[in-house]
């Protein structure tokens, strides 16, 4: 069963003149171009998260009502996870003083001696959704 897609951008382009008319679909997924001049048109439908739909060679005649059921396909959703870590700081157990940031290789090879692994670095996790 197809579901309606509200607020999809529907654009009718007059092939002869390049003139465009744009409407948004309603909550019920309906759209209407009330006064398109007689001509040949291309129609595109776009909505975030869906593949763009193109229909070509749609002929509009005098006093014609044309119903077009335009179905959008779900597009690919891309998600990027970005992890940023600050440098770990080590304690010199001989003097008790804090040292410069520890090199990544040293930090990975150091034994934890019962410490929690996340206590040796500060990390931030950012998730971004690309459409």
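Only the coordinates and a few stated rules stand behind these numbers; no lab work does. Since we're looking at a predicted model, the values are computed, not measured. Here the Cβ is made from the backbone with ideal geometry for all residues, glycine too, and neighbour counts use every protein chain on show.
Data for the structure
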{"quantity": "Rounded FRET efficiency, nearest 0.05, which uses the C-beta distance separating residue 70 from residue 38 and R0 of 22 Å", "calculated": "0.55"}
{"quantity": "Simple spin-label estimate for residue 11 and residue 48 in nanometres, 7 Å along Cα-Cβ", "calculated": "1.8"}
